[in-house]
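The values are calculated or read from the model by the stated rules, or taken from the named source; none is laboratory data. What you see is a predicted model; the values in this text were computed from it and never measured. Positions of Cβ are generated from backbone atoms using ideal geometry, with glycine treated the same way; all protein chains shown enter the neighbour counts. SASA here: full protein model, heavy atoms, side chains in, ligands and nucleic acids out. Shrake-Rupley method; radii C 1.70, N 1.55, O 1.52, S 1.80 Å.
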Amino acid sequence: KKYIVENIVRHKIIKEFVDECLENNLTCAIIVDRVTHAESIVKIIPKAIILHAKTKNRKEIIDKLRHREVQCVITTLFQEAVDIPSLDCVVLAAAGKSSLRLKQRLRNLTAFEGELRTGYYKKKRAHILYLKDNADFLKSQSAAIISELKKLVQQHKNNVFLEK
């Protein structure tokens, strides 16, 4: 909990990445496992919308994200395949080593070209931020995820992968 959910240093790295994405008019999803983690991050990224299973208007928020009317969400919902092909950036802020879950989290990060309610949009690349874990109890898990991420990112040559 202290190392991931309440870690201000990690949150600042996420904030820098998200701020840069938003400055470049890119949409962003910060994927977390716990609502408390989302609540901790939103304190330093107040522009973001928290999205979880009990969010009353979650379908509306996802639809708005899909059409680029919402710029940034912090979510526990994107653990499974979600259809948002216009999504530009993903921050993998949650811990975990499941390769299937990783593939599902990154499923939409391919090129996209199409008409949205907000107009025509073309995406050549996606941006992925993975927060490398240096704690002794997470190092091997983190190394396995980085290895898997590099393979997944290479499938779409224009994607940008950052590990911090």
Original post:
At Lys47 and Tyr121, where each label point lies 7 Å from the Cα along Cα→Cβ, what is the point-to-point distance in nanometres?
Top reply: 1.5
**OP:** Name the residues whose placed amide hydrogens come within less than 5 Å of the amide hydrogen of Ile49, ignoring near sequence neighbours (fewer than 5 apart) on the same chain.
**Re:** Cys72, Val73, Ile74
Original post:
Tell me, what is the 1.4 Å probe accessible area of Arg10, in Å² to the nearest 10?
Top reply: 20
Subject >> Linear extension gain, Glu69 paired with Ile146, 0.36 nm per residue minus alpha-carbon span >> reply: 24.6 nm
